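Please treat every number below as a calculation from the coordinates, not as lab data. Everything quoted here is computed from the prediction, not taken from an experiment. All Cβ positions, glycine included, derive from the backbone under ideal geometry; neighbour counts span all protein chains shown.
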Amino acid sequence: PEVLAVSAIDSNQSLASFSNYGDYIDVVAPGVNIASTYTNNRYAALSGTSMASPHAAALAAMIRSVNPELTNDQVMQIIRETAIDLGTPGRDANYGYGQINVAAALMQATGQHAEAETYDSDKIDWKEQIRLKIRKLFGVS
């Protein structure tokens, strides 16, 4: 219960070819071509589960920042419950509970009702919708 297992997905929400998978996976997060610091004061686009896991760690930190009374188990449960289901419906070995959903997780952590959301990438920019919801949640215009 002390670990949240994170796999990596690409920009098409497909499991990255190098990523781990199995019944122990909790969630997935972006892990392909992620901008990161690099040697000699440079930046580089890196890939790996080591690029995906910081997304989940940052989400856990944001959840605790809006509700510091939550336990570690409650934070992990919020991350799992609010994930965007990918792959086979329900929890599966490739995507776990799905892709982390920052806006929904923060809404749930603050007691706001977060409806299950689906995003049709052909019709809307789901990343922009999530950004807007986060800005609204924190009162940023």
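Of the peptides 102-112, 32-42, 81-91, the ranking by mean beta-carbon count within 10 Å, highest at the top, reads 102-112, 81-91, 32-42.
Applying the Karplus relation 6.51 cos²θ - 1.76 cosθ + 1.60 with θ = phi - 60° to the range 104-110 yields 3J(HN,Hα) values of 5, 5, 5, 4, 5, 5, 9 Hz, where x marks Gly and Pro. Distance between the pseudo-spin-label points of ASN41 and THR110 (7 Å out from Cα toward the beta carbon): 3.9 nm.
Each other residue within a Cβ distance under 15 Å of TYR24 adds +1 if Lys or Arg and -1 if Asp or Glu, for a net charge of -2.
With all pairs of different C-alpha atoms in the average, the Kirkwood value for the hydrodynamic radius of the range 5-124 is 14.8 Å. Computed from phi, the 3J(HN,Hα) profile of the range 96-102 under the Karplus parametrisation 6.51, -1.76, 1.60 (θ = phi - 60°) reads x, 7, x, 7, 3, 10, 4 Hz, with x in place of Gly and Pro.
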